[in-house]
Structure formats: structure tokens, C-alpha cells
């Protein structure tokens, strides 16, 4: 069979496929037949021009050729555990949208968030450092979609392409910078300041100014009592930087929020731009 | 388990608790409120400002006030003597 399918066609088909997968009541056979038609036209992996993940879109063509064929499109529903603490790494996930969070817990289940990532990053990057598991849990906090790749395929792609490995390792540096600033923020800032910083980091990774977050969720992320979150939101809203409705926060004045975060926001993001490429 | 709401009394009104929290009973909810008040007072003291709130009103899902917890009750006894 002769194939006259362009990269653009494949992109459109992937968009349609994604739309179908997220549409309730779609017939499974039709979906399978549709997926098969994509397979007949081209290899089933996404083309580089289609991916929105920041790492996958900045790597050179040879690097993409090493990893691209191993990417499987996946939905990332809220609450999905991507890396279980103390369990062997199975897959890394490159996000196109949504937010993942790396969380650590005390033995009595007090949790705190160590770091977040979205379409600029990936889960399971410990595997790039030559380890097989970690004590942190990685989960989806804001639903999205992306690509998963088996750890074996990721490792072998990194062996094939130095530039892929170097880009991903630079991302690990950026992530460590983020956790360093989280630690600095935790000891030096008020709850309002920490919340402002966190809202900015979240805002970078969503596509609109409205963010669906409960106070309970924010209290876990910041490891404070829930009323401290409610009070801090009340104060930040009083300054006019945000608007809150039940379980929803709207960013009204981002620049003012950055000033309010008092230097605790921006350095990891600048490192990403300096070392990798466009951020958010 | 029941859902309890911790509305906070401030000088010129109330900061509403939109979500509430699950607790076994009112005693457990009061304990949570004391922990929360301690943190709010500590945050204000660390920041060198007056705390915004003065008490929690614990309500049920219907908005019925079940208990009022003044923040004073979260302080160590030597700071609550009224001499």
C-alpha cells in the first residue's frame, strides 16, 4: 500500500484520537479501527512537531529519532500514581499538559510536596541517574495528557543520543534548583508568600487563569493546617492579586503576585530558559 | 464521620470555610480547630503582625453553629490569665 500521509495529517489524526479517547460513550471498536488507520499511514508514534512537552520539542532531530518511536500517548487523570515510593521504576512520563507532583511522607502520613512539574518536564527522572527506585511518590495533581516510555527504552535512547541525555540531565538540575528554592521558601516565607509562589508555579503549567484547587489540597501541598490556607487566600485576595470562588482560584495580577513572592519565584524557571528552552 | 466547617471570626466579619473537613465527632473537630488556631497565631507572631482572627465558629453542613472556639483557648495557660 502506498502511503501519502504527511506529518500534518498524523498530527490531526492524533488530535482526533485524543478527542475520541476523552469523549464519554465512544465505541471501543471504532476507536481501535481509527487507531489502526493511523498505524497504517505511519508509524504510531507522535511526530516532533506535534509534541508539546518542552523537553521533547527542544531536542535535535537525531535525539528525537532515538526516543520518539518509544512514546505511547497516555491520559493522565488526577490522582494517578506514576511512581510509587520504594517500587521499581516502570515508565517515565513526559507531560504535554497537567501537573505532576513529587511528594514525601512521614511514617504517620504527614505529607509535603517536594516539587512539581508539567509540560516542561518528566516523571521518573531518577532512572536517568542510574537508580531503580526512589523513596518519593509521584502523582498527577491536575489532569492532563502526555507520553509514557518504558525505563529500558528511555535508558537505551539516552545511550544512543548524548544530546538527549544531556538535555534530560539539565532538566534534573532545574528540578533540584526548584526543590532548593522550595526549601528556602519553607524556612524564610510566611504562609501567604509560600502560597503565592506555589500559585505562580501552578499557573505556569495550566492553560488558563482559573485553577481548580481545594483548600485541603493546598494545605497538603504546603504542609500547613487548612485554615492557614483559607486565611492566606483571604489576605492575598484582599490585596487584589487573586479571586477565589469555591474550589477555584483565578490569578488576577500575576506581576503583583511575583513581587509578593519576594524573589522566591523565578530562579528555577530562569535556569530552565537558560539551559533548555522556552518555559511555560 | 461528619463534615465540620471552621468559619473564622475576624474584626469586621467572617472568613468562610468553603470546603469543611471530616472529623469523627465535635470533640475531634475542636481538637483540629485548636491546632489550626495555634498555627494561625504562630504565623502572625512570626510575621510580627496582629492575628486576623479571634475565634472559630464550628458549624455543620447546614450552617448550624455547634461550637465557638476562641483562639485564646489555643494559648498556653500562663498567657490566658486575665489579671
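Checking B:23, B:44 one by one, the residue that is touching a strand residue (DSSP E or B) at 6+ places or on another chain (Cβ under 7 Å), buried (at least 17 other Cβ atoms within 10 Å of the Cβ) and without any contact (Cβ under 8 Å) to a residue 24 or more places away in the chain is B:23 and no other. On the stretch given as the stretch B:14-38, residues that are modelled with pLDDT of 95 or more and at positive phi total 0. Residue count for the stretch A:221-233, restricted to those that are surrounded by 19 or more Cβ atoms within 10 Å (Cβ to Cβ) and either free of Cβ contacts under 8 Å to residues at least 24 places away in the same chain or touching a strand residue (DSSP E or B) at 6+ places or on another chain (Cβ under 8 Å) (or both): 8.
Screening residue B:15 with (1) within 19 Å of residue B:60 (Cα to Cα); (2) more than 7 Å from chain A (Cβ to nearest Cβ); (3) touching a helix residue (DSSP H, G or I) at 6+ places or on another chain (Cβ under 6 Å) gives one miss only, at (2). The single residue among B:66, B:52 that is more than 14 Å from chain A (Cβ to nearest Cβ), in contact (Cβ under 8 Å) with a residue 24 or more places away in the chain, surrounded by 14 or more Cβ atoms within 10 Å (Cβ to Cβ) and in contact with a strand residue (DSSP E or B) (Cβ under 6 Å, 6 or more places away or on another chain) turns out to be B:66. Just to be sure before I move on: is residue B:71 over 9 Å from the mean Cα position of the chain (by Cα) and modelled with pLDDT of 90 or more in the structure I sent? Against the criterion (over 9 Å from the mean Cα position of the chain (by Cα) and modelled with pLDDT of 90 or more), residue B:71 does not qualify.
Criterion first (in contact with a strand residue (DSSP E or B) (Cβ under 8 Å, 6 or more places away or on another chain) and either loosely packed, with under 15 Cβ neighbours inside 10 Å or not in a strand (DSSP E or B) (or both)) does residue A:119 satisfy it? Yes: the conditions hold for residue A:119. Annotation: residue B:82 fulfils all but one of (1) within 14 Å of chain A (Cβ to nearest Cβ); (2) at pLDDT below 95; (3) farther than 22 Å from residue A:190 by Cβ; the unmet one is (1). At least 1 residues being at pLDDT below 95, within 14 Å of another protein chain (Cβ to nearest Cβ) and closer than 22 Å to residue A:111 by Cα is the threshold, and among the strands (runs of 3 or more DSSP E) wholly inside the stretch A:170-280 those reaching it are A:210-212. Here residue A:210 fulfils each of the conditions (1) in contact with a helix residue (DSSP H, G or I) (Cβ under 9 Å, 6 or more places away or on another chain); (2) closer than 23 Å to residue A:244 by Cβ; (3) without any contact (Cβ under 8 Å) to a residue 60 or more places away in the chain apart from (1).
For residue A:166, the criteria (1) part of a strand (DSSP E or B); (2) at pLDDT 95 or above hold in every case but one, which is (1).
The values are calculated or read from the model by the stated rules, or taken from the named source; none is laboratory data. Treat the numbers as computed from the prediction; the structure is a model and nothing was measured. In this analysis, Cβ positions are derived from the backbone assuming ideal geometry, glycine residues included, and neighbour counts consider all displayed protein chains.
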